[in-house]
Amino acid sequence: MDIPEVQLYLDRAHQDLKAAENNLRQGFHGVAVTRAYYAMFYAASALLVSKGIARSKHSGVHSAFGEHFVKTGLIEVEYAKMLGHAFDSRIDSDYDVAFIPERTLAEGVLHDARRFVERVEGYLRRAGAL
């Protein structure tokens, strides 16, 4: 386990949470959704790295998160659902030019991202990875 790398991923997750908050405040809802998703992506990557698992693609991170943390009962299923919803919302926000994300969507994804990062950090502390 590489604790410095775990911390680097978590630092990036917190940076993206702040970016999401700032973008939401400025009315950039789509960018807020994207940054909130990336906070979750980096937090999930921190979990994987804590077990010596490396994935670079989004699908690989989601799959490994589910396999190694959700299916084993280490992290609750609701967090996998949050990650999936945030990813779908991010895809819509980034690639569908006709999609105009509402403030409520951005607020919801950001709320989930905060919970996700907090849950990951709690797990990592209890596991001795922080």
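So here's what we get for this one:
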read-out: Residues Thr72 and Asn22, FRET efficiency given R0 of 30 Å [Cβ-Cβ distance, rounded to 0.05]; value: 0.25
read-out: Estimated distance in nm for a label pair at Ile53 and Leu130, the labels positioned 7 Å out from Cα along Cα-to-Cβ; value: 1.9
read-out: Two-site label geometry, Asp92 and Leu8: point separation in nm, points 7 Å out along Cα→Cβ; value: 3.4
read-out: The chain, helix-only ellipticity at 222 nm - DSSP H runs n ≥ 4, -39,500 (n - 2.57), divided by all residues, nearest 500; value: -25500 deg cm²/dmol
read-out: Kirkwood Rh in Å, taken over the chain so that all alpha-carbon pairs contribute; value: 14.5
read-out: Euclidean distance of C-alpha centroids, the stretch 76-130 and the stretch 20-63, integer Å; value: 7
read-out: Highest to lowest packing among 106-114, 91-99, scored as the average C-beta count within 10 Å; value: 106-114, 91-99
read-out: Helix 29-50 vs. the chain, principal-axis angle (Cα, 0 to 90°, nearest 10); value: 10
read-out: Cα-based helix-to-principal-axis angle, 3-25 vs the chain, degrees rounded to 10; value: 20
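Any read-out appearing in this document is the output of simple, stated calculations on the displayed coordinates, not a laboratory observation. What you are looking at is a predicted structure, and each value in this text was computed from that prediction instead of being measured. Neighbour counts are summed over all protein chains in view; Cβ atoms, including those assigned to glycine, are modelled from backbone coordinates with ideal geometry.
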